[in-house]
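Data first, discussion second: the structure below is written as C-alpha cells.
The values are calculated or read from the model by the stated rules, or taken from the named source; none is laboratory data. Note that the structure is predicted; figures quoted are calculated from it, not measured. Ideal geometry is used to build each Cβ from the backbone, glycine not excepted, and the neighbour counts take in all protein chains shown. Ligands, DNA and RNA are excluded from the accessible area calculation, which covers all protein heavy atoms including side chains. Shrake-Rupley method; radii C 1.70, N 1.55, O 1.52, S 1.80 Å.
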Amino acid sequence: MKYTYNITGMTCTNCVATVTSALSKIDAIRQMNVDLEKAEVEISTISPISIETLNNQLSDKYVLSEKGKYDQGVVSSNSEERSKLQQLKPLLLIFAYLFTAAFLLNYKDWNTMEAMLDFMGLFYIVFSFFKLLDLKGFPESFRMYDPLAKRLLVYGWVYPFIEVALGLMLLMRFQVTVALIATVVILGVTTIGVSQTLWDKKRIRCACLGTALKLPMTEATFIENAIMLVMACSMLFTRL
C-alpha cells in the first residue's frame, strides 16, 4: 500500500531528517521518501495507517494532509485544512497595520509619494524582523522558490539584512532612487520565483515572514510583491 501526503512546516534538510526519523518509528511503514521541494511525503506500508497516527508521531511544527491514495490504502481524516484566509491572517494584519501607520504619518499634510515611501520602509523593517527571528532556517526556506537564492546560498543569509538596509534608506530618505531600483531588481527576481511556484502548484511555505509563522505560498504572496513593485516603479518614474 502506497500513500502520498502533503506536509507543511519543513524548511530545511534538517526538517527532512526529523520527519523521516519520527515516521520511521512506526512499524507498519516499509519505505518512505520525504521531498522538501515538493513538500510531500510518500509512504509504503504493510498495513493501513490513519493520517491521525502519522500526525501524532510528528511534532506540532509538521502537519500531514491527505493528497491521494493508491492501491488498497484507505486513509481516514477528520481534520480539515484551514482556509486560505485563516492561514494568511498574520500577513493581512501586518499589511493593515503598515497601511494605517503610513496614513497616520502623513494625513496632516498628505503626500502620496511620501506615504508610499513610509509604507515601503516599514514593510522592509517589519518583514526583516520576522526573517531574523530564525536566520538559520530562513535561507533554506527562501531558496525553495527564489531563483537567485537557489544558485547563491549566501544570498539567503544576507537577504534579511538587505531588507533592513533598504527599509532604513527609505524611511530616512537616504539615496531613495538607489533603494527603489534595488527594490525593483530584488523583488522582481523573487516575484518570478513566486509566479513559477504558483504556476507549478507546489505546496511550500512562503518565507516572506521567515519561518516563525507558517505562511503558505499563495496568490497573496504574489500580490504582496506586486504592490511593492508597483509603488517602486511609480516613484522611479516620477524621479527619473
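Tabulated results
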read-out	value
Accessible surface, per residue, of the chain when the full set of protein chains is kept, probe 1.4 Å, Å²	53
Rounded FRET efficiency, nearest 0.05, which uses the C-beta distance separating ASP35 from ILE181 and R0 of 51 Å	0.85
Descending Cα extents along the principal axes, the stretch 1-64, whole Å	30, 20, 16
Largest to smallest accessible area among SER195, SER141 [probe 1.4 Å]	SER195, SER141
Gain upon complete extension [GLU66, LEU133; 0.36 nm per residue less C-alpha separation]	21.1 nm
Computed over the stretch 153-209, the ratio Rg/Rh where both radii use C-alpha atoms and Rh is Kirkwood	1.05
Gain on full stretching of the segment that runs from LEU153 to ILE192 - 0.36 nm per residue minus C-alpha separation	12.3 nm
Cross-link table LYS131/LYS202; LYS38/LYS136; LYS89/LYS150, entries beyond 24 Å C-alpha to C-alpha	LYS89/LYS150
Residue-level accessible surface for ARG143, protein heavy atoms, 1.4 Å, Å²	80
For Rg/Rh (Cα atoms, Kirkwood Rh), calculated from these coordinates, the label among (1) 0.99; (2) 1.11; (3) 1.06	(3)
Ranked packing of 104-111, 125-132, most packed first, by mean Cβ within 10 Å	125-132, 104-111
Relative contact order (%) - criterion: Cα under 8 Å, at least six apart; region: the chain	20
Whole-percent pair-distance distribution, where bins are 10 Å wide, for the alpha carbons of the stretch 113-169	26, 46, 24, 5
Accessible surface of the stretch 93-159, 1.4 Å probe, proportion on carbon and sulfur as whole %	68
Axial C-alpha extent at least 27 Å, average Kyte-Doolittle at least -1.0 - helices from the chain (DSSP)	112-133, 153-171, 176-199, 219-239
